[in-house]
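> Have a look at this one.
The values are calculated or read from the model by the stated rules, or taken from the named source; none is laboratory data. The structure displayed is predicted, hence computed values, not measured ones. As a convention, Cβ positions derive from the backbone with ideal geometry for all residues, glycine included, and neighbour counts pool all protein chains shown. The protein model used for the area step is the full one, side chains on, heavy atoms only, and it has no ligands, DNA or RNA in it. Shrake-Rupley method; radii C 1.70, N 1.55, O 1.52, S 1.80 Å.
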Amino acid sequence: MYRFLLTPRWWGINVFVLLAIPFCVFMGSWQLGRFEARVEDHRTTGEQAAENKREVARPLADLLPVDKATAGRQATVEGRYAEQLLVPGRELDGKRGYYVLTLLRTDDGRALPVVRGWLPGAADRAAAPAAPKGEVTVTGALQASEQPGENGVPAQGGLPSGQTGAISAASLVNLVPYDVYDAWITLTKADPGMKAVPAAATADTGLDLKAFQNLGYTGEWFVFAGFVVFMWFRLLRREVESVRDAELGLTPDEERVSSPSGV
């Protein structure tokens, strides 16, 4: 009865099933691995953030370039404050406000963006406290340059003079006449009159939408594998029924005639 499984048509169906099921299981396992990796990154990032607050600050040069291992770590650098800019549209403790960003000129001629604190309301240069004069030593959490449109960073352009939408070397180099570090720090203790801005987690280390998309794709691939098995058994059952009917000498026309509706 099952000799039909050796026909070319069923050879094709069987080969497809034998290839499709492992592929679906592999893809589902891979997506699950991606989700578990993001969960582990999230846990590790939380532990690292707590450790960063306790560690002794290191010179900025020792922590560059910024990566997942150095982002959030305490850095110290000396220099003189120069141009001051405002970064509007930033939230803190559920309130909308702006960062006060001041560029710190270092001995090598480059400038390090320093977020000295946060103020509520619309960006107002008159309300932003002036930076200290003379040589200063600042300590804060090292951060990677922001990317507009990611991690809540606004992507709008056309801001008034003295404002920037993203804290990045690519944005700031067009606003000041000197080179800018491809990094920035947020002061551990904000300057008087402002709130300190906490260090942000690095990109792709949190339980964000992408993480739960990986989990959703995991379920989809395993459902696909189950659907392939279900359809194979359904086709097999229909084929067996057709073989049995043929052995009994029944045809579709005869079945309709012998049915009660055909009397």
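> How much length is gained if the chain between residue 223 and residue 30 is pulled fully straight, taking 0.36 nm per residue apart and subtracting their Cα-Cα distance, in nm to one decimal?
This chain segment gains 68.0 nm when fully extended.
> Would you kindly find the accessible area of residue 16, with a 1.4 Å probe and non-protein molecules such as ligands, DNA and RNA excluded, rounding to the nearest 10 Å²?
Per-residue accessible area (residue 16): approximately 130 Å².
> Hey, with R₀ at 45 Å, roughly what FRET efficiency would residue 7 and residue 210 work out to, going by the Cβ-Cβ distance, to 0.05?
Efficiency at R0 = 45 Å is approximately 0.50.
> How much FRET efficiency would the formula 1/(1 + (r/R0)^6) give for residue 178 and residue 54, where r is the Cβ-Cβ distance and R0 is 41 Å, rounded to 0.05?
So, using R0 = 41 Å, E works out to roughly 0.75.
> Oh, and also: Quick one: if the Förster radius is 30 Å, what FRET efficiency do residue 16 and residue 248 give, using the C-beta to C-beta distance and rounding to 0.05?
0.45
> How charged is the neighbourhood of residue 177? Take every other residue with its Cβ under 14 Å from the Cβ of residue 177, and add Lys/Arg as +1 and Asp/Glu as -1.
So the environment of residue 177 carries a net charge of 0.
> Where does each of 174-180, 214-220 land if you order them by average Cβ count within 10 Å, highest first?
Those peptides, ordered most packed to least, come out 214-220, 174-180.
> Can you pick out the pairs among 68/210; 133/195; 133/189; 95/133 whose Cα atoms lie more than 26 Å from each other?
95/133
> If you stretched the chain out fully between residue 96 and residue 62, how much longer would it get, using 0.36 nm times the residue separation minus the C-alpha to C-alpha distance?
8.8 nm
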